[in-house]
Amino acid sequence: MSPDSHAIETMLLEERRYEPPPEFAAQANAQPDLYERDWRELWETEGRERLTWFQPFTELLEWEPPYARWYVGGTLNVCFNCVDRHVEAGNGDKVAYHWEGEPAGERYALTFAELQREVVRFANALRGLGVAKGTPVAIYMGMVPELPIAMLACARLGAPHTVVFGGFSADALADRVNDMGCEVLVTQDEGWRRGTPVPLKRNADEALESCPSVGRVVVLQRTGSAVSMRQGRDVSWQDAVSGQPDDSASCPCEPMDAEDLLYLLYTSGTTAKPKGIVHTTAGYLVGVATTHHYVFDVKPDSVYWCAADIGWVTGHSYIVYGPLCNGTTGVLYEGTPDYPDKDRWWEIVERYRVDILYTAPTAIRAHMKWGPEYAQRHDLSSLRLLGSVGEPINPEAWRWYREHIGGDRTPIVDTWWQTETGMILITPLPGVTTLKPGSATKPFPGVDAAVYDERGNEVGPGAGGYLVLRRPWPAMLRGIHNAHDRYVETYWSRYGDVYFAGDGARVDEDGDFWLLGRVDDVMNVSGHRISTIEVESALVDHPHVAEAAVCGRADPQTGQAIVAYVTLKGAEEGSVAMLEELRDHVARKIGPIAKPANVVFTPELPKTRSGKIMRRLLRDVAEQRALGDTTTLADPTVVEEIQQRAEAEKSAE
Ligand code: WTA
């Protein structure tokens, strides 16, 4: 495994620099002295002052690699910090979320006081269904206010949750529910996506056929479509909460230990089985709230919009837990950016006077493709700061974002982090950092990041290598659920007590970090991590497929696109019908995001003599570049054959 040298070569050398505007710098939450703080002092102070504790912590950190314990001895409740304390402080009338449904005209504001009442009612309902401290709960919903309400109700009771992205299939849902052993599932009849209903309850029913641990299901009526309800198991959200008291005393916030499990979030790794990333209570909340405050320069009157889905970690940390902990007003949008037209996002920015917008490069590139005229229809002058996350942002998209959305005046924070890191780790501080389009710039204060070569030596300026983290941080994962060996193997085996992120990177002469994409068999499609092996398993699951190999190729819009090389059983030849069937099969097994963009049918796959598929060569073919070292190939003619087929397919397009 070596960092992708092509990625390094093709990195654009972007010379232009953007200094923070002086007016922005003067009022910024983060000032230059933040970088001078001792990391222990910084996290201790943030922990003490940013959160409200039931019992103060006695020790900042216990570090027994590869497991950290932060804020040892402290007790607290995440829901109390995100909701109740704001109401108690007299901010109950402040808006927590401006919710915007996808269908025209569906919108309302939810204040912190209303949020508290809804959370208490739903927590009481969950208690009635047998949920108590420690009961694992799965949540499979779209972007409706009831999704954060369900998460917060779980946190209030001390019941760990796993949120499963509403775009995932029944199979993907079942895997996650079973891995965590969830006893209750919260879902909805249907979601809205680009004007089409998404059958969440139907998928859930299919999943639950193979989920024996789930005894109760709560079903929110969102679209109002008739869905089947199983007697004794299913209850509608509306029935479950009706008659439940909504005063906070009726359901007090459970005191939780700093290290109690808050949630699992499943993410792709280098095997077919998704990893249940473990996030605990205090360190996670300190990490996300602190970074949210400094990186996004959030003010008491800000209207902050993170346009991600709550089903991904970005939504957990920067739509729900970080912003609510800071008492911030946020926007929650249910649908797609192009419904009913391609200016929907900009209409929302104008309507709520959004001042901070956080999104992904793939979305920015989609807007670029549609053209700046959609943004020009609206007054975007409220925007003060833009953010990017999920994959490297190409300098061209960076500049388009700043010019057409940010009015050529807003700083852009390009934030690097992962499901595993829980919080942003490499990022500009908007009032301090000189920006370079395409660079995530510097480690957040208190974070120790570096770039290592194969042997574990730090590489010099300009050279590519592997991104590592050399010191624990509060929101770091506390392992993989029920998989200690995999945890050690994936993140801690390469360089001992140093965290291996799986990303390539280089650091330039100014100490700025440039991220170069994944170095393992994980693809990044529209900012979503998908493992090659997961897609391969889904393909091989099809009765006609003998073997499959999958890799990513560069795609101008989605970052990477999935290319599948498939060998069919017997003497069967590939066909367009089979291609479509296989794409649909993958969508059914994993979800539409994992559909291969191309399928190349081939009689053989390139393998080493020991039988390992050489994905590196397939990537070369997919990206139409000269082949790397082929000396370990068992049968070199196989690649030539595949190359010819790929070319033939290309010219047929
Ligand atoms: C990639 C999303 C470059 C990276 C928060 C990482 C990025 C993976 C950036 C994590 C960025 C995320 N620049 N690459 N600003 N942000 N990545 O777990 O490869 O869904 O390892 O977390 O996305 O994806 P995940």
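The values are calculated or read from the model by the stated rules, or taken from the named source; none is laboratory data. A quick note: this is a predicted structure, and the numbers were derived from the prediction, not measured. Please note: Cβ atoms are built from the backbone with ideal geometry, for glycine as well, and neighbour counts cover all protein chains shown. With ligands, DNA and RNA removed, areas are computed over all heavy atoms of the protein, side chains included. Shrake-Rupley method; radii C 1.70, N 1.55, O 1.52, S 1.80 Å.
Tell me, please, whether a residue that is at pLDDT below 95 and open to solvent by 50 Å² or more (accessible area, probe 1.4 Å) can be found in region 50-64. No. Looking at the structure I just gave you, is residue 271 among the β-branched types (Val, Ile, Thr), modelled with pLDDT under 95 and either within 17 Å of residue 484 (Cβ to Cβ) or surrounded by 24 or more Cβ atoms within 10 Å (Cβ to Cβ) (or both)? Here the answer is yes, as residue 271 does meet what is asked.
Is it the case that some residue within region 404-411 is within 13 Å of the ligand (Cβ to nearest atom) and either of a type in the set (Phe, Trp, Tyr) or without any contact (Cβ under 8 Å) to a residue 40 or more places away in the chain (or both)? Scanning region 404-411 turns up no residue that is within 13 Å of the ligand (Cβ to nearest atom) and either of a type in the set (Phe, Trp, Tyr) or without any contact (Cβ under 8 Å) to a residue 40 or more places away in the chain (or both). The set of residues in region 396-438 being out of contact with any helix residue (DSSP H, G or I) (no Cβ under 9 Å at 6 or more places or on another chain) and among the hydroxyl-bearing types (Ser, Thr, Tyr) consists of 433, 434. Picking from residues in region 491-531 that are of a type in the set (Val, Ile, Thr) and away from the ligand (no atom under 11 Å from the Cβ), the one that is farthest from residue 455 (Cα to Cα) is 507. Within region 412-427, the only residue that satisfies the criterion of being in a loop (DSSP other than H, G, I, E, B), in contact with a Lys or Arg (Cβ under 9 Å, 6 or more places away or on another chain) and more than 7 Å from the ligand (Cβ to nearest atom) is 427.
Within region 592-613, is even one residue farther than 27 Å from residue 418 by Cα, away from the ligand (no atom under 16 Å from the Cβ), touching a Phe, Trp or Tyr at 6+ places or on another chain (Cβ under 9 Å) and of a type in the set (Asp, Glu)? There is no residue in region 592-613 that is farther than 27 Å from residue 418 by Cα, away from the ligand (no atom under 16 Å from the Cβ), touching a Phe, Trp or Tyr at 6+ places or on another chain (Cβ under 9 Å) and of a type in the set (Asp, Glu).
Here is a yes/no grid of residues against (1) buried (at least 18 other Cβ atoms within 10 Å of the Cβ); (2) over 20 Å from residue 334 (Cα atoms); (3) of a type in the set (Val, Ile, Thr):
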site	(1), (2), (3)
156	yes, yes, no
176	yes, yes, no
192	yes, no, no
208	yes, yes, no
220	yes, no, no
228	no, yes, no
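Consider region 13-41 and keep the residues that are open to solvent by 90 Å² or more (accessible area, probe 1.4 Å), acidic (Asp, Glu) and part of a loop (DSSP other than H, G, I, E, B). The one that is farthest from residue 463 (Cα to Cα) is 19. Taking region 194-206 on its own, how many of its residues are open to solvent by less than 40 Å² (accessible area, probe 1.4 Å) and acidic (Asp, Glu)? Number satisfying all stated conditions: 1.
Counting only strands (runs of 3 or more DSSP E) wholly contained in region 255-317, the ones carrying 2 or more residues that are of a type outside the set (A, V, I, L, M) and closer than 25 Å to residue 334 by Cα occupy 261-267, 303-306.
Residues in region 511-548 that are of a type in the set (A, V, I, L, M, F, W, C), in contact with a helix residue (DSSP H, G or I) (Cβ under 7 Å, 6 or more places away or on another chain) and closer than 18 Å to residue 274 by Cα: 523, 525, 530, 535, 538, 539. Residue count for region 48-57 under the criterion of being within 21 Å of residue 477 (Cα to Cα) and touching a Gly at 6+ places or on another chain (Cβ under 8 Å): the result is 1.
A count restricted to region 371-403 and to residues that are assigned to a loop (DSSP other than H, G, I, E, B) and either of a type in the set (Phe, Trp, Tyr) or away from the ligand (no atom under 16 Å from the Cβ) (or both) stands at 10. The set of residues in region 355-377 that are out of contact with any Cys (no Cβ under 9 Å at 6 or more places or on another chain), over 20 Å from residue 525 (Cβ atoms) and surrounded by 15 or more Cβ atoms within 10 Å (Cβ to Cβ) comprises 355, 374, 375.
Go through region 281-314 and count every residue that is away from the ligand (no atom under 16 Å from the Cβ) and open to solvent by less than 10 Å² (accessible area, probe 1.4 Å). Of the residues in that region, 11 qualify.
Evaluated against (1) among the small types (Gly, Ala, Ser); (2) under 18 Å from residue 182 (Cβ atoms); (3) part of a loop (DSSP other than H, G, I, E, B); (4) in contact with a strand residue (DSSP E or B) (Cβ under 9 Å, 6 or more places away or on another chain), residue 225 falls short on exactly one condition, (2).
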